[in-house]
1. Which one of Pro93, Ala144, Ile123 has its Cα pushed farthest toward the positive end of the charge dipole of segment 39-152, where Lys and Arg give +1 and Asp and Glu give -1 at the Cβ?
2. Can you tell me the FRET efficiency between Ala8 and Ile36 if r is taken as the Cβ-Cβ distance and R0 is 30 Å, rounded to the nearest 0.05?
3. Report the calculated FRET efficiency for Leu15 and Thr89 (r = Cβ-Cβ distance, R0 = 30 Å), to the nearest 0.05.
4. Karplus couplings for segment 27-33 from phi (6.51 cos²θ - 1.76 cosθ + 1.60, θ = phi - 60°), rounded to Hz, Gly and Pro as x?
5. Only four residue types carry charge here, +1 at the Cβ of Lys and Arg and -1 at the Cβ of Asp and Glu. Report the dipole size of the chain about the Cα centre in Debye, rounded to the nearest 20.
6. Which one, Pro49, Ser135, Tyr84, is farthest towards the positive end of the dipole of the chain when Lys and Arg carry +1 and Asp and Glu -1 on their Cβ?
7. Could you work out the helix-only [θ] at 222 nm for the chain, with each DSSP H run of four or more residues adding -39,500 (n - 2.57) and the total divided by the number of residues, to the nearest 500 deg cm²/dmol?
8. Mind listing the phi-derived Karplus ³J(HN,Hα) values for segment 71-88, rounded to whole Hz, using 6.51, -1.76 and 1.60 with θ = phi - 60°, and x for any glycine or proline?
Amino acid sequence: MSSTTSMALIVAFVLVGFPLAFGALWIFITRLMSFIGGWDRVGQHFAAPKGRPDGRMLRRVTGMFGIARYKAVLTVITTAGGIYIENRTVFRPGHPPLFIPFEAIRNAKKQTLFFWEYVAFDIGDPVLASVRLPSKVFEGTPVAAALSAAGAA
């Protein structure tokens, strides 16, 4: 094999093979994260209808599904009936947008970790996933009212 042919194969690998391999690895990792954290299980039961609902939108939200942490990549829309959650497009493989009705939120507890005040809760019965989202997501919702009532008791 000549050095020109060898160089052409190397260039072909770098220009074609590496981006394909990187893309496949990226999709594998995002799907694995969805599986480990429980987003995929929640998505099977609470996939959002097409399009974003109207409501109070928070962008660049940090949250957790199980042990999977989503740092400043979530968009959360709070509506009268529940919360809509979507991941940034680049992290979307394996993460369908979700619409979680307030009735599906169980065991909500307000907690603090250093400077992060969040609500930890379970989704579904039986539990599909344990989730942590900032407290500000729930302002003015039935979940916030229930947390306030529990704190006053």
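Computed from the coordinates by the stated procedures, all read-outs in this text should not be read as laboratory data. Quick caveat: nothing in here was measured; it's all calculated off a predicted structure. FYI the Cβ positions are ideal-geometry reconstructions off the backbone, even for glycines, and counts take in every protein chain you see.
1. My answer, from the dipole projection, is Pro93.
2. After rounding, the FRET efficiency stands at 0.15.
3. 0.80
4. The phi angles translate into 5, 4, 5, 5, 5, 5, 4 Hz.
5. Using only the charged Cβ atoms, the result is roughly 280 debye.
6. Of Pro49, Ser135, Tyr84, it is Ser135.
7. Rounded to the nearest 500, it is -10000 deg cm²/dmol.
8. 8, 6, 10, 9, 10, 10, 10, 8, 10, 5, x, x, 10, 9, 10, 9, 9, 4
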